[in-house]
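The values are calculated or read from the model by the stated rules, or taken from the named source; none is laboratory data. Bear in mind the structure is a predicted one, so any value in this text is a computation, not a measurement. Because the Cβ atoms are built from the backbone with ideal geometry, glycine has one as well, and the counts that use them run over all protein chains shown. Protein only, heavy atoms only, side chains kept; ligands, DNA and RNA dropped before computing areas. Shrake-Rupley method; radii C 1.70, N 1.55, O 1.52, S 1.80 Å.
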Amino acid sequence: GKAASTPAKAYAKVGIEREYSTSTPCFANDKPKHYGKKEGAPCRNVRVPEEYGFKPGMLPGFENVAREHGLKTYKDVYRFSLEHNDLFWESCAKMLNWKEPFHTVQDCDLKKGKVGWFLGGKLNVSENCLDRHVAEDPNKIALLWEKDEPGTVQISYGQLLEWTCKMANTLKQARVQKGDCVCVYLPTSPMAVASMLACARIGAIHTVVFAGFSSESLRDRIQNCKAKVVITANEMIRGGKSIPLKQLVDDAVKDCPTVKTVFVEQRTKKEGRYAKHDVALTDALDAASAECAPEVLDSEDPLFVLYTSGSTGKPKGVLHTQAGYLLYAALTQKVVFNLKPGEVFGCLADIGWITGHSYVVYAPLANGITTVLFESTPNYPSPSRYWSTVERLKINHLYISPTALRSLLRHGKSHVKNHDLSSLRTLGLVGEPVNHEAWEWYYDVIGQRRCPVVDTWWQTETGGISIAPLPGDSADPIYPGMAMRPFFGIEPVVKNSEAFADHGSDQAGVLYVARPWPGMLRGIYGDEERFVETYLSEKPGCYTTGDGCVETADGYFKITGRVDDVINVSGHRLGTAEVENAIDSHGKVAESAVVSFPHLVKGEGLAAFVVLTDDYEADEHLVKDLKGLIKHSIASYAIPEEIVIVPHLPKTRSGKIMRRLLKLIAQNKNEDFGDTSTLQDPDILKPIIDAWSKTT
Ligand code: 6R9
């Protein structure tokens with residue numbers, strides 16, 4: 001009977017062996033069922049608490065439509081959201097405050113790269129995130145800033161509005177106009193949030209650069225978006241270590257003629273040198289007025305550009321616009337986390353990533369709840385940092401990465417035991433595939449089997465959560481490690497090597513999205529052609545995710561990881577070509593190839609195979625130099641676990657590097673190279689294997 005619905009078969013197709021068979025599905029119906037032939041493991045006799053199950057009332061603007069059409073379940077509403085896409089999004093858009101209503105819900109043609117939502121509509125994002133809540137209660141807490149040294153600062157909606165207005169006026173003083181780019185290079189802090197919202201207030205475009213990126217990465221991003229202004233701090237402290245932000249900005253802006261002003265927040269006592277274009281941020285804010293009327297903006301005016309790695313050497317600037325992005329981020333948060341007024345949302349990501357943009361800043365503030373700004377690291381000052389933060393801040397929804405979870409579970413339960421985690425309601429995951437051990441630990445040890453685990457799949461490009469367990473009903477199960485169900489209006493399709501699969505056909509393949517949605521990217525900043533080429537041309541009319549996935553017979557999804565040259569290290573995207581470029585810039589390197597291998601904590605680790613120029617012998621400095629180069633041109637997290645000097649790389653007769661073979665070597669799978677007939681010279685592998693075995 002039910003055996004067909006086990007994902008095991010589909011898993012097997014992509015070589016996932018143990019995923020399903022060792023685990024027991026959670027949150028199924030009250031009656032235990034048996035899944036799978038061999039194991040016959042019963043479900044945990046737990047169901048989604050009734051309050052979490054989807055009800056149309058969770059979509060405020062849509063409730064009446066649902067009643068009219070008799071829609072009750074997730075399946076009803078999901079089908080309706082595809083069949084009556086315009087009506088669905090038009091109703092949901094009522095959750096935003098509009099200055100002028102839109103006349104057209106969508107005008108999209110993915111074949112041509114045309115994406116437009118809520119045309120004719122006018123609004124201001126910062127007003128949606130601040131003013132409307134201040135009007136109700138200015139003292140409501142907007143931000144809980146958990147600084148690097150454990151301790152919290154509270155900031156009310158009223159205060160945040162004041163800071164935002166002061167910052168907006170300060171930017172105007174620096175001649176920032178609508179459509180100009182402002183680069184924010186700050187740690188996760190109220191000043192960073194105020195900077196983002198200040199841009200939104202005046203129609204400027206923000207580019208937040210993760211304050212762990214090198215000066216070269218910063219320079220490339222500033223040059224690409226032609227930022228007029230940089231907002232930074234003299235230095236920041238993260239995990240107890242100081243990062244000289246201002247000095248890194250100085251190095252970067254030397255080659256950035258568009259930058260006219262650098263605002264410097266004095267975060268620590270450390271004095272620095274000031275150049276002519278530097279302005280002390282606190283002085284400027286003190287002098288600025290605390291009132292700034294929000295600019296009336298078009299739905300499709302740009303909101304921000306965020307750079308992310310792709311398969312080429314240069315990260316691309318993903319462009320998001322006003323209304324569609326804000327609506328999508330806010331609505332997904334509301335539904336997937338079953339958000340209630342007055343709750344504390346603990347997305348502990350850095351604001352430099354899309355997760356920070358959508359679920360630290362825009363969604364929680366649009367929804368008028370309290371959001372946590374976590375400035376530290378999971379292990380500082382000890383592995384109980386997350387849990388002590390949950391306890392002190394009474395976090396209701398925790399949203400973290402599998403990497404953080406894996407790094408913490410290694411230290412055992414003792415770090416969790418002494419903390420009161422009873423405030424928790426939902427346990428979110430994002431960023432990379434999660435392994436069973438980590439999933440179960442999260443559910444058992446952190447959630448005490450009380451809180452649903454929501455493994456959410458999405459991307460910088462999708463703007464918000466696209467596949468997740470909890471747009472669903474309480475009648476549905478949640479399987480460990482599966483992202484489960486598409487959000488409303490999202491139409492995922494799986495393509496295996498032959499064809500597009502029928503829905504629910506127990507398939508493994510590559511994931512596409514077959515129609516536009518309001519939160520999707522609008523383009524690659526400054527490069528229209530690359531947008532269509534990168535995302536919309538593989539299967540015209542469909543958005544290409546670059547991820548592999550499994551769809552079960554029941555229409556549940558599991559995301560298995562990237563199928564392109566993007567590697568996911570600790571939940572951060574990294575292009576192999578970026579790392580290779582950095583290595584190749586060393587004068588003694590002839591060429592290199594970077595591949596990934598499974599890593600217990602980081603998910604994927606990097607292995608670099610490096611060929612030196614003829615006249616050069618490796619010495620003890622070389623590997624150190626290469627690591628320095630990578631840190632200097634990208635960031636510390638891009639430094640490979642292993643850098644191996646080899647006499648040559650395996651190539652095809654036509655000269656293409658056979659990464660597949662290097663990947664197998666890096667996994668110590670020297671027995672199953674498969675078909676090597678295209679290899680230029682079969683003897684070439686032995687010295688590479690030997691070099692690798694010396695490292696591990
Ligand atoms: C939000 C974010 C996107 C890539 C994506 C995929 C991986 C994200 C995942 C997941 C498996 C999940 N990814 N969530 N893989 N399960 N729940 O992380 O955006 O930094 O752009 O990364 O991350 O490979 O393509 P971004």
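A few points about this structure:
- Inside region 474-514, residues that are part of a strand (DSSP E or B) and either of a type in the set (A, V, I, L, M) or more than 20 Å from residue 72 (Cα to Cα) (or both) make up a count of 14.
- The number of residues in region 141-186 that are among the charged types (D, E, K, R), open to solvent by less than 60 Å² (accessible area, probe 1.4 Å) and either at pLDDT below 95 or assigned to a loop (DSSP other than H, G, I, E, B) (or both) comes to 2.
- The condition (being within 13 Å of the ligand (Cβ to nearest atom) and out of contact with any helix residue (DSSP H, G or I) (no Cβ under 6 Å at 6 or more places or on another chain)) is satisfied by just one residue among 544, 460, 456: 456.
- The single condition among (1) surrounded by 14 or more Cβ atoms within 10 Å (Cβ to Cβ); (2) touching a strand residue (DSSP E or B) at 6+ places or on another chain (Cβ under 8 Å) that residue 629 does not satisfy is (2).
- Which numbered condition residue 563 misses (of (1) surrounded by 19 or more Cβ atoms within 10 Å (Cβ to Cβ); (2) within 16 Å of the ligand (Cβ to nearest atom)): (1)
- Unique match (being in contact (Cβ under 8 Å) with a residue 60 or more places away in the chain, among the aromatic types (Phe, Trp, Tyr) and either under 18 Å from residue 635 (Cα atoms) or within 12 Å of the ligand (Cβ to nearest atom) (or both)) among 609, 557: 557
- Residue within region 242-255 that is of a type outside the set (A, V, I, L, M), surrounded by 15 or more Cβ atoms within 10 Å (Cβ to Cβ) and in contact with a Lys or Arg (Cβ under 6 Å, 6 or more places away or on another chain) present: no
- Only residues that are in contact with a Cys (Cβ under 9 Å, 6 or more places away or on another chain), over 19 Å from residue 318 (Cα atoms) and basic (Lys, Arg) were counted across region 488-542, and they come to 1.
- Selection count where residues are within 22 Å of residue 599 (Cα to Cα) and either within 16 Å of the ligand (Cβ to nearest atom) or touching a Ser or Thr at 6+ places or on another chain (Cβ under 7 Å) (or both), scope region 406-439: 13
- Restricting 346, 356 to those that are buried (at least 24 other Cβ atoms within 10 Å of the Cβ), at pLDDT 95 or above and within 16 Å of the ligand (Cβ to nearest atom) reduces the list to 356.
- Annotation: of all residues in region 109-130 being open to solvent by 40 Å² or more (accessible area, probe 1.4 Å) and in contact (Cβ under 8 Å) with a residue 12 or more places away in the chain, the one that is nearest to residue 240 (Cα to Cα) is 127.
- Residues in region 388-415 that are part of a helix (DSSP H, G or I) and surrounded by fewer than 20 Cβ atoms within 10 Å (Cβ to Cβ): 388, 391, 392, 393, 407, 414, 415.
- Residue in region 505-516 that is in contact (Cβ under 8 Å) with a residue 40 or more places away in the chain, within 16 Å of the ligand (Cβ to nearest atom), touching a Phe, Trp or Tyr at 6+ places or on another chain (Cβ under 9 Å) and closer than 30 Å to residue 334 by Cβ present: yes
- The set of residues in region 515-557 being open to solvent by less than 10 Å² (accessible area, probe 1.4 Å), closer than 30 Å to residue 227 by Cα and assigned to a loop (DSSP other than H, G, I, E, B) consists of 517, 518, 519, 520, 521.
- Per this entry, residue 88 is counted among residues that are part of a helix (DSSP H, G or I) and either surrounded by fewer than 19 Cβ atoms within 10 Å (Cβ to Cβ) or of a type outside the set (D, E, K, R) (or both).
- Residues in region 91-108 that are in a loop (DSSP other than H, G, I, E, B) and polar (S, T, N, Q): 97 only.
- Top-ranked residue in region 463-504 [being open to solvent by 10 Å² or more (accessible area, probe 1.4 Å) and of a type in the set (S, T, N, Q); ranked as farthest from the ligand (Cβ to nearest atom)]: 474
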